[in-house]
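Novice: Before I ask anything, let me first share the structure, which is written out below as structure tokens.
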Amino acid sequence: MNDRPAGRPGSAGERLLQSHLGTADRAATFYDRQVQPRLTDQMRDFVGRQTMVFLSTADAGGNCDTGFRAGPPGFVTVLDEYTLTYPEYRGNGVHAGNGNVLENPHMGMLFVDFTHHHIGLHVNGAAQLVGDAEQRRVYPHLPLDSAHGRQPSVWVHLRVHEAYVQCSKYIPHLEPAPRPRGLGADRPKDSDYFVPPAAAHAESRSHPPAPTLPMGY
């Protein structure tokens with residue numbers, strides 16, 4: 001459900017909290033100057049330089065998922081002042097974020113420059129999934145090899161509703177560095193990093209622990 005007043009940025013919840021905390025005037029100034037209904041030239045240039053983006057989606061019930069995508073500068077392509085697109089490649093097969101898009105097209109994107117200007121850009125809009133062949137037929141100039149020979153399984157196509165700055169106050173400074181080759185000796189594989197190794201997991205499922213007896217037995 002969209003609770004945004006017609007023609008005004010910000011949700012009803014935002015405005016209620018602004019009134020309660022006494023920030024309505026400051027928020028109005030931010031809305032008037034910073035919240036844009038399209039990508040300005042400066043925003044388009046900024047997106048074209050970025051190598052990563054954070055994503056937020058929710059399903060029809062409001063259950064959220066966050067995601068992260070990275071690639072060479074410009075892997076998120078600005079098609080025009082109202083449209084962004086980026087490729088999706090084979091991953092773990094879950095499709096959590098894109099599955100949400102099929103139920104609820106609202107998507108939030110956050111681009112952050114950690115190394116030079118220490119500034120961020122929020123882009124919110126409505127997303128849809130487009131097949132690679134169809135996308136390239138309409139936009140033949142899209143990059144062909146943004147993932148070293150991997151073929152996109154689908155493209156995420158975002159129609160921009162609003163875009164605005166993320167201030168630099170709490171953005172840390174990060175220095176780019178070459179990624180080490182291979183895993184450290186004490187570093188688990190990705191699939192085992194936060195859960196038991198697959199064999200141990202299967203064994204624990206096959207042999208559940210005995211229930212704890214009540215005190216006194």
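The values are calculated or read from the model by the stated rules, or taken from the named source; none is laboratory data. Quick caveat: nothing in here was measured; it's all calculated off a predicted structure. Every residue, glycine among them, receives a Cβ derived from its backbone with ideal geometry; neighbour counts consider all protein chains shown.
Novice: Is it the case, given these coordinates, that residue 12 is surrounded by fewer than 16 Cβ atoms within 10 Å (Cβ to Cβ), over 15 Å from residue 125 (Cα atoms), in contact with a helix residue (DSSP H, G or I) (Cβ under 9 Å, 6 or more places away or on another chain) and not hydroxyl-bearing (Ser, Thr, Tyr)?
Specialist: No, not satisfied.
Novice: Here's something else I'd like to know. Which of (1) closer than 22 Å to residue 174 by Cβ; (2) modelled with pLDDT under 95; (3) surrounded by 15 or more Cβ atoms within 10 Å (Cβ to Cβ) is the odd one out, the single condition residue 142 does not satisfy?
Specialist: Going through (1) closer than 22 Å to residue 174 by Cβ; (2) modelled with pLDDT under 95; (3) surrounded by 15 or more Cβ atoms within 10 Å (Cβ to Cβ) one by one, residue 142 breaks only (1).
Novice: Something else about it: Search segment 147-191 for residues being surrounded by fewer than 10 Cβ atoms within 10 Å (Cβ to Cβ) and of a type in the set (Lys, Arg), and hand back the single one that is farthest from residue 118 (Cα to Cα).
Specialist: Pass one, segment 147-191, residues surrounded by fewer than 10 Cβ atoms within 10 Å (Cβ to Cβ): 148-149, 169-170, 172-173, 175-182, 184-186, 189-190.
Now drop any that are not of a type in the set (Lys, Arg), which leaves 169, 179, 181, 189.
Numbers: 169: 8, 179: 22, 181: 28, 189: 32 Å.
If we take residues in segment 147-191 being surrounded by fewer than 10 Cβ atoms within 10 Å (Cβ to Cβ) and of a type in the set (Lys, Arg), then 189 is farthest from residue 118 (Cα to Cα).
Novice: What number of residues within segment 12-54 satisfy the criterion of being under 26 Å from residue 80 (Cα atoms) and in a loop (DSSP other than H, G, I, E, B)?
Specialist: 7
Novice: On to the next question. (1) surrounded by 15 or more Cβ atoms within 10 Å (Cβ to Cβ); (2) not in a loop (DSSP other than H, G, I, E, B): which one isn't true of residue 75, the others all being true?
Specialist: Among (1) surrounded by 15 or more Cβ atoms within 10 Å (Cβ to Cβ); (2) not in a loop (DSSP other than H, G, I, E, B), the lone unmet condition for residue 75 is (2).
Novice: Here's another thing I want to ask about it. Check 98, 92 and return the single one that is in a loop (DSSP other than H, G, I, E, B), free of Cβ contacts under 8 Å to residues at least 60 places away in the same chain and either of a type in the set (Gly, Ala, Ser) or within 21 Å of residue 150 (Cβ to Cβ) (or both).
Specialist: 92
Novice: Hey, another quick one. How many residues does segment 155-176 hold that are assigned to a loop (DSSP other than H, G, I, E, B) and touching a residue at least 12 places away in the same chain (Cβ under 8 Å)?
Specialist: Within segment 155-176, residues that are assigned to a loop (DSSP other than H, G, I, E, B) and touching a residue at least 12 places away in the same chain (Cβ under 8 Å) number 8.
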